[in-house]
Amino acid sequence: MKTIKVIIVIITVLVIAFFSIGLLVKDTTFTTQITIDKPVATVFSTFNDTSKLKEWIPEFKSIETIEEKLGKTGSTYKIIVDNNGQNIVMQEKILAFVPNEKVTLYYNAGKGNMLKKDDYVFSSHDNSTTITHNASCSSGKFIMSCMFPIFKSKFKEQDQEYLNNLKVFLEKE
């Protein structure tokens with residue numbers, strides 16, 4: 001009987017700790033960065049060329065324009081990505097678009113399951129370009145918001161992999 005009580009106490013503590021994460025951590029944030037041996041105009045152009053997304057984001061399937069605005073800021077798109085055989089539909093909104101300097105994207109994936117803001121800053125150094133990516137993830141669903149801090153390293157690893165893929169793609173051209 002004492003063993004059962006100990007197990008119940010341990011499970012209770014773990015459940016409380018898990019749900020506390022969602023109450024205490026509202027946004028999961030991280031930064032990734034890459035330097036590419038190409039001029040900023042080339043890097044920025046390729047980064048924003050939707051016909052080349054599949055080259056550096058392997059899960060990318062399609063993009064459809066919902067609303068295109070002059071200057072890109074405020075434009076919205078429907079994006080479909082493959083998540084291990086399951087299609088994930090998300091809406092992308094361009095919050096900021098400054099040619100050769102900055103792109104800020106906001107994603108709503110899975111009807112509020114994941115809300116993500118990606119801020120990419122492009123800086124030129126001689127004939128190379130550094131992309132600094134600041135990301136912030138949250139969720140409209142409490143259970144998901146409890147899980148995001150646990151998976152922060154996985155999110156960061158995946159976004160860094162995309163930047164690494166972009167570097168490889170651009171530098172082989």
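The values are calculated or read from the model by the stated rules, or taken from the named source; none is laboratory data. Just so it is clear, the structure is predicted and the values come from calculations on it, not from any experiment. Please note: Cβ atoms are built from the backbone with ideal geometry, for glycine as well, and neighbour counts cover all protein chains shown.
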Item to check | Of all residues making up segment 97-115, the number that are buried (at least 16 other Cβ atoms within 10 Å of the Cβ) and β-branched (Val, Ile, Thr) | outcome: 2
Next on the checklist: Regarding segment 52-70, can at least one residue be identified that is of a type in the set (Gly, Ala, Ser) and not in a strand (DSSP E or B)?
Outcome noted: no
Checklist entry - Which of the strands (runs of 3 or more DSSP E) contained wholly in segment 71-173 include at least 2 residues that are hydroxyl-bearing (Ser, Thr, Tyr) and under 19 Å from Trp56 (Cα atoms)? => result 102-109, 128-138
Next on the checklist: Quick check on Val89: is it modelled with pLDDT under 95, under 18 Å from the mean Cα position of the chain (by Cα), over 14 Å from Lys167 (Cα atoms) and not polar (S, T, N, Q)?
Outcome noted: yes
Checklist outcome for this item: Residue count, segment 127-161, condition more than 14 Å from Ile21 (Cβ to Cβ) and modelled with pLDDT under 90, comes to 1
Next on the checklist: Please go through (1) modelled with pLDDT of 95 or more; (2) of a type outside the set (Lys, Arg); (3) surrounded by 11 or more Cβ atoms within 10 Å (Cβ to Cβ) for Thr28 and return the number of the only condition it doesn't satisfy.
Outcome noted: (1)
Checklist entry - Quick check: anything in segment 25-45 part of a helix (DSSP H, G or I), closer than 19 Å to Gln160 by Cα and within 17 Å of the chain's Cα centre (by Cα)? => result no
Checklist entry - For segment 98-124, what are the residues that are within 25 Å of Val168 (Cβ to Cβ) and either among the hydroxyl-bearing types (Ser, Thr, Tyr) or out of contact with any helix residue (DSSP H, G or I) (no Cβ under 9 Å at 6 or more places or on another chain) (or both)? => result Lys102, Thr104, Leu105, Tyr107, Asp119, Tyr120, Val121, Ser123, Ser124
